[in-house]
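Here's the structure we're looking at; comments come further down.
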Amino acid sequence: MTYEQQLAKILTNYSLTIQPGQEVAIFGDVAAKPLLKEIYAEVLRLGAHPTLVPMFGEFKEIYFKYASEEQLSHESYISKALYGTTDHIINVWTETNTKRLSAVDPHKITMNQKANTAIIKTLMDREARGELSWTLTVYPSNSLAQEASMSLLDYNDFVYKACHLDSDDPIAEWKAISDHQATICEWLNAKKKLHFIGEDTDLTMSIDGRTWVNCDGKKNFPDGEVFTGPVEDTVNGTIRFTYPLIYLGNEIEDVRLTFKDGEVVDSSATKGEALLKQVLEIDEGSKRVGEIAIGTNYGITRFTKHMLFDEKIGGTMHLALGRSIPESGGTNMSAIHLDILKDMTNGGRVYADDELFYENGKFLIGG
């Protein structure tokens with residue numbers, strides 16, 4: 001069985017539970033054709049109805065170069081219809097030029113993101129009602145391998161192991177991961193406050209009444225994190241991030257944020273500080289934390305500049321500026337959801353209700 005066939009089976013039989021007669025929308029760049037073909041075939045074998053939405057990466061650059069403000073603010077009726085009616089969405093992301101949008105005016109990106117806010121809300125609301133499920137994966141490319149400072153062969157091997165496809169029974173492996181993370185989430189759901197301590201970091205927040213979400217390969221593949229949405233006005237203190245914030249192909253390095261009553265009141269970066277301040281001014285919600293999370297996938301062994309992998313790195317934590325994930329109980333609204341990552345393996349500690357439960361990149365709970 002090829003990598004593409006193996007992954008297609010997991011996405012359609014584990015990440016999603018596709019039933020005969022259901023509608024399945026498959027989004028993906030044409031550069032991922034080998035995987036898209038196998039997913040399409042597997043959906044048909046399951047008796048469902050696939051709708052393929054092929055995408056061309058170079059068209060993004062054309063769009064942002066020539067689109068007027070009216071066009072940038074336009075809500076696609078096709079996307080609105082698909083997100084409003086389909087039963088499942090499979091999104092296969094890849095890129096042949098990771099710097100494609102790096103020279104685009106961020107204001108144009110923001111306008112387009114805001115135009116899609118209603119569509120994203122539809123997706124999240126339907127998901128919360130149990131009407132829709134979705135999953136996202138990445139298909140290797142030379143460009144992604146170069147960003148990660150790897151050859152394509154090494155990058156393929158990295159992705160294969162990050163997905164635990166090297167195990168004898170990958171689905172059984174992901175089910176075991178799910179069970180283990182469920183015990184961590186159950187323990188954290190009973191707690192009311194968090195305290196993160198690390199290099200140039202002392203950050204507190206309330207999680208009272210919020211829900212911890214077990215990320216076990218259902219929505220992202222690969223996966224491996226537990227997260228929640230902090231109470232919006234309770235984040236206080238400072239944090240310094242180890243890894244750069246990647247925004248539209250631009251790297252913002254050595255990000256430091258200071259929060260007061262949930263809002264960023266001071267920010268700095270050694271590279272890209274002006275862009276960081278632009279990001280924080282996108283809308284009211286972009287200054288607040290929509291998500292706090294701890295990575296659990298120790299099969300992801302290095303930073304790749306792709307957040308689908310990086311936010312899952314075992315031994316790290318991250319927070320997201322902007323939009324909350326509704327199932328966590330978070331209520332922050334924003335056009336953005338930007339994750340920033342911190343290494344916790346060198347003396348990092350996390351307390352819940354003053355009890356140490358995470359130290360040096362390892363959980364002290366959950367078996």
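Every number here is computed from the coordinates shown, using simple stated rules; none is lab data. Computed from a predicted model, the values in this text were never measured in an experiment. Please note: Cβ atoms are built from the backbone with ideal geometry, for glycine as well, and neighbour counts cover all protein chains shown.
Of interest is the spacing of the C-alpha centroids, which for region 24-87 and region 289-367 amounts to 29 Å.
Checking every one of the GluC sites (Glu not before Pro) in region 149-246 against DSSP loop status and a limit of 15 other Cβ atoms within 10 Å picks out E199.
Considering only A293, A67, A31, the Gaussian network model of the chain with Cα springs below 10 Å gives its largest mean-square fluctuation to A67.
The value obtained for region 75-211, namely the Cα convex hull volume divided by the number of residues, is 213 Å³ per residue.
Given +1 at the Cβ of Lys and Arg, -1 at the Cβ of Asp and Glu and no other charges, the dipole of region 170-363 around its Cα centre is 280 debye to the nearest 20. Nearest-5 percent of antiparallel DSSP beta bridges in the chain? About 70 percent, rounded to the nearest 5.
Residue ranges 273-283, 56-66, 311-321 sort as 311-321, 273-283, 56-66 when ordered by packing (mean number of other C-beta atoms within 10 Å per residue, highest first). Comparing region 170-363 with the 2.2 N^0.38 Å rule of thumb, its C-alpha radius of gyration ratio is 0.95 (two decimals). For the chain, the fraction of alpha-carbon pairs lying more than 29 Å apart is 40 percent, rounded to a whole number. Here the chain is treated with +1 on each Lys and Arg Cβ and -1 on each Asp and Glu Cβ, and its dipole about the Cα centre works out to around 460 debye. For the chain, with the dipole built from +1 on Lys and Arg beta-carbon atoms and -1 on Asp and Glu ones, taken about the Cα centre, which of T238, V279, Q5 lies farthest toward the positive end? Value: Q5.
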